[in-house]
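As C-alpha coordinates, the structure follows; a few thoughts come after it.
The values are calculated or read from the model by the stated rules, or taken from the named source; none is laboratory data. Quick caveat, the model's predicted, so the values are computed rather than measured. Glycine also receives a Cβ, built like all others from the backbone with ideal geometry; neighbour counts cover every protein chain displayed. Heads up: the accessible areas ignore ligands, DNA and RNA and are worked out on the full protein's heavy atoms, side chains in. Shrake-Rupley method; radii C 1.70, N 1.55, O 1.52, S 1.80 Å.
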Amino acid sequence: MGCGIAQLCASQGFSVKLHDLFPEALAAARGKIKLGLDSAVIKGRLTTQQADRAALSIDYASELSGLTGADLIIEAAVEDLETKRKIFGELDKRCPEAILATNTSSLSVAAIAQATATPHRVLGLHFFNPPVSMRLVETVRTPQTNPEVFTAVWDFVLMGLRKTPVDVKDIPGFIVNRVMRPYYLEAQRVADGGAGIAPVDTAAREIGQVPLGPFELMDLIGLDVNLSITRIIYQACGRPERFKPQALQEKLVELGHIGRKSGKGFYLYEGSQAAGENPQALAFLSAGPLKPAAAWEQIISSVIAEAQMAFKEGVAGKSDIDTAIKLAMNFPKGPFEWLNQKEKTRF
Ligand SMILES: NC(=O)c1ccc[n+]([C@@H]2O[C@H](COP(=O)([O-])OP(=O)(O)OC[C@H]3O[C@@H](n4cnc5c(N)ncnc54)[C@H](O)[C@@H]3O)[C@@H](O)[C@H]2O)c1
(Lines give C-alpha, C1' and ligand atoms only; values in the text may rest on other atoms or scores of the structure.)
Protein backbone atom coordinates (compact mmCIF):
# COMPACT_ATOMS: atom_id res chain seq x y z
CA MET A 1 0.00 0.00 0.00
CA GLY A 2 2.85 2.36 0.84
CA CYS A 3 4.18 2.46 -2.70
CA GLY A 4 0.65 2.87 -4.13
CA ILE A 5 0.06 5.87 -1.85
CA ALA A 6 3.49 7.30 -2.78
CA GLN A 7 2.71 6.88 -6.50
CA LEU A 8 -0.67 8.57 -6.05
CA CYS A 9 0.80 11.56 -4.18
CA ALA A 10 3.67 11.97 -6.67
CA SER A 11 1.25 11.73 -9.63
CA GLN A 12 -0.73 14.62 -8.14
CA GLY A 13 2.39 16.80 -7.99
CA PHE A 14 3.50 16.30 -4.38
CA SER A 15 7.08 15.81 -3.39
CA VAL A 16 7.32 12.41 -1.66
CA LYS A 17 9.79 10.59 0.55
CA LEU A 18 9.18 6.87 0.82
CA HIS A 19 10.69 5.09 3.81
CA ASP A 20 10.87 1.36 4.55
CA LEU A 21 12.90 -0.43 7.19
CA PHE A 22 14.12 -2.95 4.62
CA PRO A 23 16.29 -1.83 1.65
CA GLU A 24 14.96 -4.69 -0.49
CA ALA A 25 11.39 -3.44 0.11
CA LEU A 26 12.47 0.04 -1.03
CA ALA A 27 14.07 -1.40 -4.18
CA ALA A 28 10.91 -3.40 -4.90
CA ALA A 29 8.79 -0.26 -4.33
CA ARG A 30 10.87 1.68 -6.87
CA GLY A 31 10.23 -1.06 -9.45
CA LYS A 32 6.48 -1.24 -8.66
CA ILE A 33 6.10 2.53 -8.90
CA LYS A 34 7.91 2.56 -12.27
CA LEU A 35 5.53 -0.14 -13.55
CA GLY A 36 2.53 1.74 -12.13
CA LEU A 37 3.54 5.01 -13.80
CA ASP A 38 4.26 3.25 -17.13
CA SER A 39 0.83 1.66 -16.97
CA ALA A 40 -0.79 5.08 -16.25
CA VAL A 41 0.87 6.42 -19.42
CA ILE A 42 -0.35 3.44 -21.47
CA LYS A 43 -3.91 3.97 -20.15
CA GLY A 44 -3.70 7.69 -21.02
CA ARG A 45 -4.06 8.79 -17.38
CA LEU A 46 -0.67 10.54 -17.35
CA THR A 47 1.53 11.96 -20.10
CA THR A 48 5.08 10.61 -20.35
CA GLN A 49 6.29 13.96 -19.01
CA GLN A 50 3.96 13.79 -15.98
CA ALA A 51 5.04 10.21 -15.25
CA ASP A 52 8.73 11.17 -15.48
CA ARG A 53 8.14 14.14 -13.19
CA ALA A 54 6.27 11.94 -10.70
CA ALA A 55 9.09 9.36 -10.67
CA LEU A 56 11.65 12.11 -10.04
CA SER A 57 9.60 13.60 -7.19
CA ILE A 58 9.95 10.45 -5.06
CA ASP A 59 13.00 10.11 -2.82
CA TYR A 60 13.70 6.78 -1.16
CA ALA A 61 14.74 6.98 2.50
CA SER A 62 16.21 3.99 4.30
CA GLU A 63 16.19 5.91 7.62
CA LEU A 64 13.13 7.30 9.38
CA SER A 65 15.14 10.51 9.91
CA GLY A 66 14.87 11.01 6.13
CA LEU A 67 11.26 12.11 6.71
CA THR A 68 12.23 15.15 8.79
CA GLY A 69 10.68 18.30 7.33
CA ALA A 70 7.60 16.56 5.85
CA ASP A 71 4.21 18.30 6.25
CA LEU A 72 2.25 15.03 6.31
CA ILE A 73 3.47 11.51 7.03
CA ILE A 74 1.28 8.55 6.03
CA GLU A 75 2.36 5.37 7.80
CA ALA A 76 1.58 2.09 5.98
CA ALA A 77 3.79 -0.45 7.76
CA VAL A 78 2.57 -3.93 8.72
CA GLU A 79 -0.77 -4.21 10.53
CA ASP A 80 0.68 -4.65 14.01
CA LEU A 81 -0.10 -2.29 16.87
CA GLU A 82 3.33 -2.45 18.52
CA THR A 83 5.14 -1.80 15.23
CA LYS A 84 2.92 1.18 14.51
CA ARG A 85 3.25 2.55 18.04
CA LYS A 86 7.03 2.30 17.82
CA ILE A 87 7.03 4.18 14.50
CA PHE A 88 4.71 6.91 15.84
CA GLY A 89 6.83 7.31 18.98
CA GLU A 90 9.89 7.89 16.78
CA LEU A 91 8.02 10.21 14.39
CA ASP A 92 6.81 12.24 17.35
CA LYS A 93 10.38 13.04 18.28
CA ARG A 94 11.88 13.41 14.82
CA CYS A 95 9.08 15.23 12.99
CA PRO A 96 7.55 17.66 15.50
CA GLU A 97 5.80 19.77 12.85
CA ALA A 98 4.22 17.05 10.69
CA ILE A 99 0.67 15.79 10.67
CA LEU A 100 0.83 12.04 11.36
CA ALA A 101 -1.60 9.68 9.60
CA THR A 102 -1.95 5.92 9.73
CA ASN A 103 -3.34 3.74 6.94
CA THR A 104 -4.38 1.04 9.41
CA SER A 105 -7.40 -1.06 8.31
CA SER A 106 -8.44 -2.41 11.67
CA LEU A 107 -6.38 -1.03 14.57
CA SER A 108 -7.48 1.76 16.87
CA VAL A 109 -6.07 5.08 15.65
CA ALA A 110 -6.30 6.40 19.22
CA ALA A 111 -4.18 3.49 20.49
CA ILE A 112 -1.52 4.34 17.88
CA ALA A 113 -1.75 8.06 18.74
CA GLN A 114 -1.14 7.27 22.43
CA ALA A 115 2.45 6.45 21.52
CA THR A 116 2.97 10.17 20.86
CA ALA A 117 2.95 13.12 23.20
CA THR A 118 0.94 14.99 20.54
CA PRO A 119 -2.18 12.93 19.72
CA HIS A 120 -3.94 16.07 18.42
CA ARG A 121 -1.92 15.81 15.19
CA VAL A 122 -2.70 12.11 14.60
CA LEU A 123 -5.53 10.74 12.45
CA GLY A 124 -6.38 7.80 10.20
CA LEU A 125 -6.20 7.90 6.41
CA HIS A 126 -7.55 4.57 5.22
CA PHE A 127 -6.86 4.14 1.51
CA PHE A 128 -8.29 1.27 -0.53
CA ASN A 129 -6.30 -1.00 -2.79
CA PRO A 130 -5.02 0.07 -5.29
CA PRO A 131 -4.82 3.66 -3.97
CA VAL A 132 -4.21 5.12 -7.42
CA SER A 133 -7.56 3.96 -8.80
CA MET A 134 -9.81 3.58 -5.73
CA ARG A 135 -11.60 6.87 -5.04
CA LEU A 136 -12.51 6.39 -1.37
CA VAL A 137 -10.35 7.48 1.58
CA GLU A 138 -11.82 6.94 5.06
CA THR A 139 -10.58 9.93 7.02
CA VAL A 140 -10.66 8.95 10.66
CA ARG A 141 -10.68 11.31 13.63
CA THR A 142 -10.09 10.29 17.22
CA PRO A 143 -11.57 12.33 20.08
CA GLN A 144 -8.17 14.00 20.34
CA THR A 145 -7.61 14.87 16.67
CA ASN A 146 -7.47 18.65 16.30
CA PRO A 147 -10.34 19.80 13.99
CA GLU A 148 -7.92 22.04 12.05
CA VAL A 149 -5.62 19.09 11.43
CA PHE A 150 -8.62 17.05 10.27
CA THR A 151 -9.77 19.83 7.89
CA ALA A 152 -6.27 20.28 6.44
CA VAL A 153 -6.01 16.57 5.69
CA TRP A 154 -9.58 16.44 4.35
CA ASP A 155 -8.68 19.24 1.87
CA PHE A 156 -5.48 17.42 0.94
CA VAL A 157 -7.45 14.25 0.09
CA LEU A 158 -10.23 16.09 -1.74
CA MET A 159 -8.31 18.76 -3.64
CA GLY A 160 -4.71 17.56 -3.51
CA LEU A 161 -5.29 13.89 -4.31
CA ARG A 162 -8.72 14.35 -6.01
CA LYS A 163 -10.16 11.49 -3.99
CA THR A 164 -13.42 11.23 -2.00
CA PRO A 165 -12.87 11.53 1.76
CA VAL A 166 -15.54 10.34 4.20
CA ASP A 167 -15.62 11.53 7.79
CA VAL A 168 -15.40 8.54 10.17
CA LYS A 169 -15.11 8.05 13.91
CA ASP A 170 -12.34 5.82 15.24
CA ILE A 171 -14.29 2.57 15.70
CA PRO A 172 -13.24 -1.00 14.81
CA GLY A 173 -13.48 -1.51 11.04
CA PHE A 174 -14.35 2.16 10.37
CA ILE A 175 -17.28 2.25 7.89
CA VAL A 176 -16.48 -0.25 5.17
CA ASN A 177 -14.96 -3.13 7.09
CA ARG A 178 -17.63 -2.88 9.78
CA VAL A 179 -20.77 -2.33 7.67
CA MET A 180 -19.68 -5.00 5.18
CA ARG A 181 -18.91 -7.66 7.84
CA PRO A 182 -22.46 -9.11 7.66
CA TYR A 183 -22.08 -9.40 3.87
CA TYR A 184 -19.50 -12.13 4.47
CA LEU A 185 -20.81 -13.60 7.74
CA GLU A 186 -24.53 -13.67 6.92
CA ALA A 187 -23.65 -15.20 3.52
CA GLN A 188 -22.05 -18.14 5.33
CA ARG A 189 -25.06 -18.51 7.62
CA VAL A 190 -27.50 -18.59 4.68
CA ALA A 191 -25.24 -21.00 2.78
CA ASP A 192 -25.48 -23.31 5.77
CA GLY A 193 -29.25 -22.76 5.84
CA GLY A 194 -29.50 -24.51 2.48
CA ALA A 195 -28.98 -21.67 0.00
CA GLY A 196 -25.55 -22.99 -1.10
CA ILE A 197 -22.57 -21.04 -2.39
CA ALA A 198 -22.86 -20.37 -6.14
CA PRO A 199 -26.67 -19.80 -5.97
CA VAL A 200 -26.11 -17.08 -3.32
CA ASP A 201 -23.45 -15.36 -5.45
CA THR A 202 -25.73 -15.55 -8.49
CA ALA A 203 -28.64 -14.05 -6.50
CA ALA A 204 -26.35 -11.27 -5.25
CA ARG A 205 -25.30 -10.39 -8.80
CA GLU A 206 -28.70 -10.78 -10.41
CA ILE A 207 -30.96 -9.32 -7.73
CA GLY A 208 -28.51 -7.02 -5.94
CA GLN A 209 -26.67 -6.00 -9.14
CA VAL A 210 -23.38 -6.14 -7.23
CA PRO A 211 -20.20 -6.95 -9.18
CA LEU A 212 -19.22 -9.91 -6.98
CA GLY A 213 -21.23 -12.08 -4.62
CA PRO A 214 -19.95 -12.58 -1.06
CA PHE A 215 -18.16 -15.89 -1.72
CA GLU A 216 -16.55 -14.66 -4.94
CA LEU A 217 -15.40 -11.57 -3.08
CA MET A 218 -13.95 -13.52 -0.13
CA ASP A 219 -12.05 -15.71 -2.60
CA LEU A 220 -10.64 -12.57 -4.21
CA ILE A 221 -9.68 -10.88 -0.92
CA GLY A 222 -8.32 -14.11 0.55
CA LEU A 223 -10.30 -16.08 3.16
CA ASP A 224 -7.38 -15.69 5.58
CA VAL A 225 -7.15 -11.88 5.24
CA ASN A 226 -10.93 -11.55 5.49
CA LEU A 227 -11.05 -13.85 8.54
CA SER A 228 -8.32 -11.94 10.32
CA ILE A 229 -10.27 -8.66 9.91
CA THR A 230 -13.43 -10.40 11.21
CA ARG A 231 -11.52 -11.68 14.24
CA ILE A 232 -10.10 -8.23 15.04
CA ILE A 233 -13.54 -6.55 14.75
CA TYR A 234 -15.21 -9.38 16.73
CA GLN A 235 -12.74 -8.96 19.61
CA ALA A 236 -12.68 -5.17 19.50
CA CYS A 237 -16.50 -4.98 19.62
CA GLY A 238 -16.75 -7.27 22.66
CA ARG A 239 -17.45 -10.54 20.78
CA PRO A 240 -21.05 -9.92 19.64
CA GLU A 241 -22.76 -12.94 18.05
CA ARG A 242 -23.31 -11.09 14.74
CA PHE A 243 -19.55 -10.70 14.17
CA LYS A 244 -18.63 -14.22 15.27
CA PRO A 245 -16.21 -15.84 12.78
CA GLN A 246 -17.95 -18.66 10.93
CA ALA A 247 -16.82 -22.28 11.23
CA LEU A 248 -17.03 -22.77 7.44
CA GLN A 249 -14.39 -20.09 6.78
CA GLU A 250 -12.24 -21.17 9.72
CA LYS A 251 -12.16 -24.78 8.51
CA LEU A 252 -11.29 -23.78 4.94
CA VAL A 253 -8.49 -21.49 6.17
CA GLU A 254 -7.13 -24.33 8.35
CA LEU A 255 -7.00 -26.53 5.23
CA GLY A 256 -5.18 -23.81 3.27
CA HIS A 257 -8.18 -23.25 0.98
CA ILE A 258 -7.79 -19.48 1.18
CA GLY A 259 -9.16 -18.33 -2.17
CA ARG A 260 -7.83 -17.52 -5.62
CA LYS A 261 -4.24 -17.16 -4.42
CA SER A 262 -4.20 -20.85 -3.33
CA GLY A 263 -6.29 -22.14 -6.26
CA LYS A 264 -9.08 -23.17 -3.83
CA GLY A 265 -11.49 -21.28 -1.63
CA PHE A 266 -15.26 -21.40 -1.85
CA TYR A 267 -14.58 -22.20 -5.52
CA LEU A 268 -11.85 -24.10 -7.33
CA TYR A 269 -9.66 -22.14 -9.77
CA GLU A 270 -7.91 -22.96 -12.99
CA GLY A 271 -5.61 -19.96 -13.41
CA SER A 272 -7.79 -16.94 -12.68
CA GLN A 273 -10.99 -18.69 -13.80
CA ALA A 274 -13.39 -20.24 -11.29
CA ALA A 275 -14.03 -23.89 -12.14
CA GLY A 276 -17.00 -24.78 -9.96
CA GLU A 277 -17.69 -24.81 -6.24
CA ASN A 278 -15.08 -26.37 -3.96
CA PRO A 279 -16.51 -29.80 -2.94
CA GLN A 280 -14.71 -29.44 0.39
CA ALA A 281 -16.62 -26.22 1.13
CA LEU A 282 -19.93 -27.83 0.13
CA ALA A 283 -19.15 -30.80 2.38
CA PHE A 284 -19.07 -28.47 5.41
CA LEU A 285 -22.60 -27.16 4.74
CA SER A 286 -25.86 -28.47 6.20
CA ALA A 287 -28.96 -29.05 4.12
CA GLY A 288 -31.81 -26.59 4.66
CA PRO A 289 -34.84 -25.06 2.99
CA LEU A 290 -33.48 -21.54 2.33
CA LYS A 291 -33.80 -20.35 -1.30
CA PRO A 292 -31.21 -18.02 -2.92
CA ALA A 293 -33.56 -15.02 -3.34
CA ALA A 294 -34.54 -15.17 0.35
CA ALA A 295 -30.87 -15.64 1.20
CA TRP A 296 -29.91 -12.45 -0.65
CA GLU A 297 -32.71 -10.57 1.15
CA GLN A 298 -31.31 -11.79 4.47
CA ILE A 299 -27.74 -10.77 3.56
CA ILE A 300 -28.59 -7.27 2.37
CA SER A 301 -30.95 -6.73 5.33
CA SER A 302 -28.11 -7.55 7.72
CA VAL A 303 -25.82 -5.04 5.93
CA ILE A 304 -28.57 -2.38 6.23
CA ALA A 305 -29.05 -3.21 9.93
CA GLU A 306 -25.31 -2.81 10.55
CA ALA A 307 -25.29 0.53 8.71
CA GLN A 308 -28.21 1.74 10.85
CA MET A 309 -26.39 0.69 13.99
CA ALA A 310 -23.20 2.47 12.87
CA PHE A 311 -25.21 5.62 12.10
CA LYS A 312 -26.96 5.54 15.50
CA GLU A 313 -23.58 5.19 17.20
CA GLY A 314 -22.39 8.31 15.36
CA VAL A 315 -19.69 6.48 13.39
CA ALA A 316 -20.55 8.49 10.26
CA GLY A 317 -23.44 10.22 8.49
CA LYS A 318 -25.87 8.28 6.28
CA SER A 319 -24.59 9.77 3.05
CA ASP A 320 -20.95 9.10 4.02
CA ILE A 321 -21.88 5.49 4.79
CA ASP A 322 -23.62 5.14 1.41
CA THR A 323 -20.70 6.79 -0.41
CA ALA A 324 -18.14 4.61 1.35
CA ILE A 325 -19.93 1.35 0.53
CA LYS A 326 -20.57 2.32 -3.09
CA LEU A 327 -16.99 3.43 -3.76
CA ALA A 328 -15.22 0.68 -1.83
CA MET A 329 -17.40 -2.18 -3.06
CA ASN A 330 -18.48 -0.84 -6.45
CA PHE A 331 -22.06 -1.44 -5.31
CA PRO A 332 -24.90 0.25 -7.22
CA LYS A 333 -26.42 1.49 -3.96
CA GLY A 334 -25.42 2.20 -0.40
CA PRO A 335 -27.30 0.57 2.52
CA PHE A 336 -29.55 3.58 3.19
CA GLU A 337 -30.41 3.85 -0.50
CA TRP A 338 -31.29 0.14 -0.45
CA LEU A 339 -33.44 0.73 2.59
CA ASN A 340 -35.28 3.59 0.87
CA GLN A 341 -35.90 1.41 -2.15
CA LYS A 342 -37.26 -1.40 0.04
CA GLU A 343 -39.58 1.00 1.85
CA LYS A 344 -40.88 2.46 -1.43
CA THR A 345 -41.50 -1.05 -2.79
CA ARG A 346 -43.41 -1.95 0.37
CA PHE A 347 -45.74 1.05 -0.11
N1 LIG B 1 -3.22 -4.43 1.42
C2 LIG B 1 -4.38 -3.79 1.44
O3 LIG B 1 -5.28 -4.07 0.61
C4 LIG B 1 -4.61 -2.70 2.43
C5 LIG B 1 -5.71 -1.83 2.25
C6 LIG B 1 -5.90 -0.78 3.16
C7 LIG B 1 -5.03 -0.62 4.22
N8 LIG B 1 -3.99 -1.50 4.38
C9 LIG B 1 -3.10 -1.27 5.52
O10 LIG B 1 -1.86 -0.77 5.03
C11 LIG B 1 -0.80 -1.22 5.87
C12 LIG B 1 0.22 -1.96 5.04
O13 LIG B 1 -0.39 -3.06 4.41
P14 LIG B 1 0.29 -3.79 3.17
O15 LIG B 1 -0.68 -4.78 2.66
O16 LIG B 1 0.89 -2.80 2.25
O17 LIG B 1 1.45 -4.57 3.95
P18 LIG B 1 2.86 -5.11 3.40
O19 LIG B 1 3.27 -6.16 4.36
O20 LIG B 1 2.75 -5.43 1.94
O21 LIG B 1 3.83 -3.85 3.52
C22 LIG B 1 4.26 -3.36 4.75
C23 LIG B 1 5.62 -2.73 4.58
O24 LIG B 1 5.99 -2.18 5.84
C25 LIG B 1 7.39 -2.37 5.98
N26 LIG B 1 7.72 -2.28 7.40
C27 LIG B 1 7.55 -3.21 8.37
N28 LIG B 1 7.97 -2.73 9.56
C29 LIG B 1 8.39 -1.45 9.35
C30 LIG B 1 8.92 -0.43 10.18
N31 LIG B 1 9.09 -0.62 11.48
N32 LIG B 1 9.25 0.74 9.62
C33 LIG B 1 9.07 0.95 8.29
N34 LIG B 1 8.57 0.02 7.45
C35 LIG B 1 8.23 -1.16 7.98
C36 LIG B 1 7.64 -3.74 5.37
O37 LIG B 1 9.00 -3.89 5.01
C38 LIG B 1 6.72 -3.71 4.16
O39 LIG B 1 7.39 -3.23 3.02
C40 LIG B 1 -1.45 -2.08 6.96
O41 LIG B 1 -1.70 -1.27 8.08
C42 LIG B 1 -2.75 -2.52 6.29
O43 LIG B 1 -3.75 -2.83 7.23
C44 LIG B 1 -3.75 -2.51 3.51
Please label the shape of the chain as rounded, prolate or oblate, based on the square roots a ≥ b ≥ c of the eigenvalues of the alpha-carbon gyration tensor (a/c under 1.5 means rounded; beyond that, a/b larger than b/c means prolate, else oblate). prolate
14 Å beta-carbon shell around Ala203, net charge (K/R +1, D/E -1): -3
May I ask what percent, to the nearest 5, of DSSP beta bridges between residues of the chain are antiparallel? 35
Separation between Cα centres of region 41-120 and region 266-326, rounded to whole Å: 33
Please list, ordered by chain and number, the residues whose modelled amide H lies under 5 Å from the amide H of Leu18; skip anything fewer than 5 residues away on the same chain. Asp59, Tyr60, Ala61
Helix 292-312 vs. the chain, principal-axis angle (Cα, 0 to 90°, nearest 10): 40
Amide H neighbours of Glu75 at under 5 Å, excluding residues fewer than 5 places away on the same chain, with H built from the backbone geometry, are Ala101, Thr102, Asn103
Order these peptides, 167-175, 42-50, by their mean beta-carbon neighbour count within 10 angstrom, highest first. 167-175, 42-50
Rounded, prolate or oblate for region 110-195? Axes are the square roots of the Cα gyration tensor eigenvalues, ordered a ≥ b ≥ c, and the cut-off for rounded is a/c under 1.5. oblate
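Could you work out the helix-only [θ] at 222 nm for the chain, with each DSSP H run of four or more residues adding -39,500 (n - 2.57) and the total divided by the number of residues, to the nearest 500 deg cm²/dmol?
On the way: 16 runs with 170 residues, N = 347.
Result for the chain: -14500 deg cm²/dmol, rounded to the nearest 500.
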Taking amide hydrogens as modeled 1.01 Å from N in the peptide plane, which residues meet the under 5 Å criterion relative to Thr164, leaving out close sequence neighbours? Leu136, Val137
Percent of accessible area on region 68-170 owned by carbon and sulfur, 1.4 Å probe? 53
Considering Cα pairs under 8 angstrom that are at least six residues apart, work out the relative contact order of the chain and quote it in whole percent. 14
